[in-house]
Amino acid sequence: MKNPSINIELEFISSDILEEFKGEEKMQYILDKIKDNKILVMEESLSSTDEAKLIEATMRNISEKFSGIEVSTLREKQENGIRETIIKLLGGKTGGLTVIGPSKLIKQIKKEPKRISVLAEKKQSDSEKNSEE
């Protein structure tokens with residue numbers, strides 16, 4: 001029996017897309033993508049506040065079909081530095097990166113000061129195995 005290919009979809013999201021949403025809409029947009037078994041790579045890091053809101057929204061959505069998320073944020077510079085505060089006051093972006101995925105796909109996230117690595121794996125369901133035979 002040959003090794004079946006199993007697809008894992010990555011979606012890269014521009015910070016411009018997330019700016020269109022306010023509050024809970026942003027969290028719901030992210031959760032809807034994750035529930036579709038996508039791993040999101042977001043151009044800009046989520047703030048600590050948005051991460052907390054996302055985790056709260058995730059906890060309200062836990063079910064048999066949705067077991068939760070894994071999230072890791074890489075901030076370009078210290079979030080509360082003088083440079084970053086000035087940039088934010090002027091409406092600019094401070095950079096960074098956030099990776100979010102369904103916990104059933106994400107096996108491991110390693111975060112280092114300047115990079116994030118993700119190990120993902122999709123297990124075949126019994127129905128997928130049977131359809132190959």
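The values are calculated or read from the model by the stated rules, or taken from the named source; none is laboratory data. Quantities reported herein were computed from a predicted structural model and do not represent experimental measurements. Neighbour counts run over all protein chains shown; Cβ positions are idealised from the backbone, glycine included.
Brief remarks follow.
- Taking the criterion of being assigned to a helix (DSSP H, G or I) and of a type in the set (Lys, Arg), the residues of the stretch 26-50 that qualify are Lys26, Lys33, Lys35.
- Residue list for the stretch 28-54, restricted to those being more than 10 Å from the chain's Cα centre (by Cα) and of a type in the set (Lys, Arg): Lys35, Lys53
- Strands (runs of 3 or more DSSP E) within the stretch 51-133 that include 3 or more residues farther than 21 Å from Ile30 by Cβ and modelled with pLDDT of 90 or more: none
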